[in-house]
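Data first, discussion second: the structure below is written as structure tokens.
The values are calculated or read from the model by the stated rules, or taken from the named source; none is laboratory data. All values derive from a computational prediction rather than experimental measurement. Please note: Cβ atoms are built from the backbone with ideal geometry, for glycine as well, and neighbour counts cover all protein chains shown. Surface areas here come from the heavy atoms of the whole protein model, side chains and all, with no ligands, DNA or RNA. Shrake-Rupley method; radii C 1.70, N 1.55, O 1.52, S 1.80 Å.
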Amino acid sequence: MPFKRTVEIGRVALVNFGPDAGSLVVISDVLDLNRALVDSPTTTRRSINFKRLSITDLKVDIPRLAKKAVLKKALEEADIEGKFAASSWGQKLARREAKANMTDFDRHCAAVKKMKRSASVRKAFNKLKKSA
Amino acid sequence: EHFSPWTRSGQLLLGHTPHFKTRFPNMVADLARNIEAHGRSKAYHRRGIWAIKKKNGGKLPVHPKAAKEAATEAKPKFYPAEDVSKPLKRSFARRQTKLRASITPGTVLILLAGRFAGKRVVCLGQLPSGLLLVTGPFKLSGVPVRRVNASYVIATSTKVDVSKVDISKFDDSYFKGEKKQRTKRSEGDFFEDKLEKNTIPAERIAAQKAVDAAILSGLSADLKSYLSTRFTLRNGDRPHLMKW
């Protein structure tokens, strides 16, 4: 099976380790076998190991070592942030974050909802079981 | 390391801290025990005895002697065989404990210890002793208006409107239990089964109802079920990762 997501200039990747884990970056250049030069509109360009990146489906058309303004324009036109947030990967991350940020009250409400739901499911199931 | 008495660190070693110097500005540290840094004439000059004498017309001022205390305590009849140690005198002013910023009037708290451990409760405010004043409300969780230590409480981020509640009549003396009367026990009492009915005075019930009415009216159904439920840990819960 061929690889579909390749490391290339303009490839959007998710940083998965380090102080800014969870942020999207664009590969600006490849330094060597292990490291890439990575850039984003809000951070300075820096080198990062590929092991700290998870590459996504998304890609922008930028030249090698593109200037910040060029990069920013390309990202905005392609709406990379929006597309990623709408993808199932992005939604999964958002759900995880929301769950981690639940307060005690939220957890209680979720538990009550779950109990009510399972009660109604069990009721319907038992009804079907009886009639079968 | 070699400490010289003439250096600052040497002076500190001999006990002459900056605070000491503000109280005794004319004192100089000894070079070593009982060996003074300056001789008699230098010390005389430094202490300013000449200035005191000048002020008093050539002589040292004489102060009238304080009258000796005439009343002496009667000698005790009993001396303990071994020395009895007296506890040291403690002089400190009790202050109201400073609460964490997360605890404010109206915050929902989770009680962590005592009879009502796990109950979710509304904080009404802080009493002068430093303890928190809380209420269930009684109808929802069975917790009456009660004092609770802030250390044994988790403060959640959920807030309830308690602006209409008046807590002026509740203070620490309200919660102090009445002293039980010690009656003389006769032989018959040991065999009888004396049951003392613990009735709550009507004013307390009325005060509870007044406080709760002010809170209950503003609660949504979700909040009501929240306050009726006890907090428990279940499998898979990670309290160190929970946000409250």
Practice problem: For residues that are open to solvent by 100 Å² or more (accessible area, probe 1.4 Å), modelled with pLDDT of 80 or more and under 30 Å from B:ASN149 (Cα atoms), tally how many sit in segment B:65-100. | Solution: 8
Quiz item: If you take the residues of segment B:131-176 that are of a type in the set (S, T, N, Q) and under 28 Å from B:MET242 (Cα atoms), which of them is surrounded by the most Cβ atoms within 10 Å (Cβ to Cβ)?
Solution: B:THR135
Quiz item: In segment A:36-84, what count of residues is obtained for those that are in contact with a helix residue (DSSP H, G or I) (Cβ under 7 Å, 6 or more places away or on another chain) and surrounded by 13 or more Cβ atoms within 10 Å (Cβ to Cβ)?
Solution: 8
Exercise. Scan segment A:85-104 and give yes if some residue there is under 19 Å from A:GLY10 (Cα atoms), free of Cβ contacts under 8 Å to residues at least 40 places away in the same chain and open to solvent by 50 Å² or more (accessible area, probe 1.4 Å), otherwise no.
Key: yes
Quiz item: In segment B:10-20, is there at least one residue being out of contact with any Leu (no Cβ under 9 Å at 6 or more places or on another chain), assigned to a helix (DSSP H, G or I) and of a type in the set (Phe, Trp, Tyr)?
Solution: yes
Quiz item: Which numbered condition trips up B:VAL162, out of (1) at pLDDT 90 or above; (2) more than 14 Å from every other protein chain (Cβ to nearest Cβ); (3) closer than 15 Å to B:ALA210 by Cα?
Solution: (1)
Practice problem: Would you check which residues across segment B:114-130 are open to solvent by 50 Å² or more (accessible area, probe 1.4 Å) and part of a loop (DSSP other than H, G, I, E, B) and list them? | Solution: B:GLY114, B:ARG115, B:PRO128, B:SER129
Practice problem: Search segment B:28-40 for residues being modelled with pLDDT of 75 or more and surrounded by 12 or more Cβ atoms within 10 Å (Cβ to Cβ), and hand back the single one that is farthest from B:PRO61 (Cα to Cα). | Solution: B:LEU31
Practice problem: Could you list, in sequence order, all residues of segment A:77-105 that are within 24 Å of the chain's Cα centre (by Cα) and within 14 Å of chain B (Cβ to nearest Cβ)? | Solution: A:ARG96, A:GLU97, A:ALA98, A:LYS99, A:ALA100, A:ASN101, A:MET102, A:THR103
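Could you list all residues from segment B:221-233 that are more than 8 Å from chain A (Cβ to nearest Cβ) and touching a helix residue (DSSP H, G or I) at 6+ places or on another chain (Cβ under 9 Å)? Write out each step before concluding.
Going through segment B:221-233, the residues more than 8 Å from chain A (Cβ to nearest Cβ) turn out to be B:221, B:224, B:227-228, B:230, B:232-233.
Listed by number, the residues that qualify are B:LYS224, B:LEU227, B:SER228, B:ARG230.
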Practice problem: Could you figure out which of (1) open to solvent by less than 60 Å² (accessible area, probe 1.4 Å); (2) over 30 Å from B:VAL62 (Cα atoms); (3) assigned to a helix (DSSP H, G or I) isn't true of B:ALA43? | Solution: (2)
